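The values are calculated or read from the model by the stated rules, or taken from the named source; none is laboratory data. Predicted model, so just to flag it, every value in this text is computed and none were measured. As a convention, Cβ positions derive from the backbone with ideal geometry for all residues, glycine included, and neighbour counts pool all protein chains shown.
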Amino acid sequence: MQLLEVSIRKAGYEEQYSVIHDIGFRLQEGELIGLIGPNGAGKSTTIKSILGLTKHMDGAIHFTGPTGNYAYIPEQPILYDSMTLWEHMELAASAYGLERESFLSRAEELLIQFRLSEVRHHLPSSFSKGMQQKIMLILGFLIRPDVYIVDEPFVGLDPKATKDFLDLLLLERKRGAGVLMSTHVLDTAERICDSFVLISDGRIVAQGTLDEVRAQCGLHDAPLFECFHSLT
């Protein structure tokens, strides 16, 4: 089942200047697409366009899953200084209309998984960067959406938290959720992604499975790292 269709002819933040051009792909049920590219390539603009956050966008974005719900997990944690971790979770549950019993069960599960049970009533302003990033992951996983849009999820996470994240992501994909993930951690991306969209200078330079990307850059059996550098 198709969950997301992206067809962006051009998009940017000023009417006369487009940052990205001709970005198109489809995300299927259970699929993990890696959005790969150097800094300034247009990855963030692509994600913002999908989320409806670019001021000028010519194209169409269709969330076509059973619920149409998606979760966005940003690279930089976005949290309220005056709200505790638990209050952030309650706010997210309320925004998505989660039933109280379902929320309590899922919330407890995630707090235990990410080892934040003891600080549920603490303010995130006192947390480390890694702990704040865990909160963003918890809020994303809380609602069990059709689509996860994840921007550089590994920044600030320790190895244990990274494994917890990847394990949960795998469970969600088995449930049928699709994932679009932007990352610079290419060895991990090569291991977990089903396919890739490589962007450079605002345009797609290669896309498809790793073997298809290898064929497009003429480097058979090369790791993603070498393909990335040959194309960008």
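Taking Phe154, is it under 18 Å from Leu168 (Cβ atoms), surrounded by fewer than 21 Cβ atoms within 10 Å (Cβ to Cβ) and in the same structural domain as Val185 (by TED's automatic domain parsing)?
Here the answer is yes, as Phe154 does meet what is asked.
Considering only helices (runs of 4 or more DSSP H) fully contained in the range 37-145, which possess at least 1 residues that are of a type in the set (Ser, Thr, Tyr) and crowded, with 20+ Cβ neighbours inside 10 Å?
43-50
Cβ-Cβ distance below 8 Å, separation of 6 or more or different chains: which pairs start in the range 110-133 with a residue that is within 17 Å of Ala92 (Cα to Cα) and end on one that is part of a helix (DSSP H, G or I) and among the polar types (S, T, N, Q)?
Leu111/Ser117; Pro124/Gln132
Using the structure shown, decide if Gly34 is under 26 Å from Phe225 (Cβ atoms) and either in contact with a strand residue (DSSP E or B) (Cβ under 6 Å, 6 or more places away or on another chain) or modelled with pLDDT of 95 or more (or both).
In short, yes.
Pick from Val119, Val179, Val155: which is β-branched (Val, Ile, Thr), farther than 24 Å from Arg26 by Cβ and touching an Asp or Glu at 6+ places or on another chain (Cβ under 8 Å)?
Just one listed residue meets the conditions, Val155.
Those residues that are among the charged types (D, E, K, R), without any contact (Cβ under 8 Å) to a residue 60 or more places away in the chain and either in a strand (DSSP E or B) or closer than 27 Å to Asp158 by Cα (or both), I need them from the range 191-220; list them, please. I'd like the intermediate steps shown before the answer.
Of all residues in the range 191-220, those among the charged types (D, E, K, R) come to 191, 194, 201, 203, 211-212, 214.
Add one more test, that the residue is without any contact (Cβ under 8 Å) to a residue 60 or more places away in the chain, and what stays is 191, 211-212, 214.
The answer is Arg191, and nothing else.
Given the residues Ile33, Ile47, Ile61, which is the only one that is assigned by TED's automatic domain parsing to the domain that holds Thr188 and either of a type in the set (Gly, Ala, Ser) or touching a Cys at 6+ places or on another chain (Cβ under 9 Å) (or both)?
Going through Ile33, Ile47, Ile61 in turn, the sole match is Ile33.
Among the residues of the range 213-221, is any on the phi > 0 side of the Ramachandran plot and among the small types (Gly, Ala, Ser)?
Here is the first cut: in the range 213-221, the residues on the phi > 0 side of the Ramachandran plot are 218, 221.
Next cut, among the small types (Gly, Ala, Ser) only: 218.
Yes, because at least one residue in the range 213-221 is on the phi > 0 side of the Ramachandran plot and among the small types (Gly, Ala, Ser).
Tally the residues that are surrounded by fewer than 17 Cβ atoms within 10 Å (Cβ to Cβ) and not in a strand (DSSP E or B), restricting the search to the range 1-23.
4
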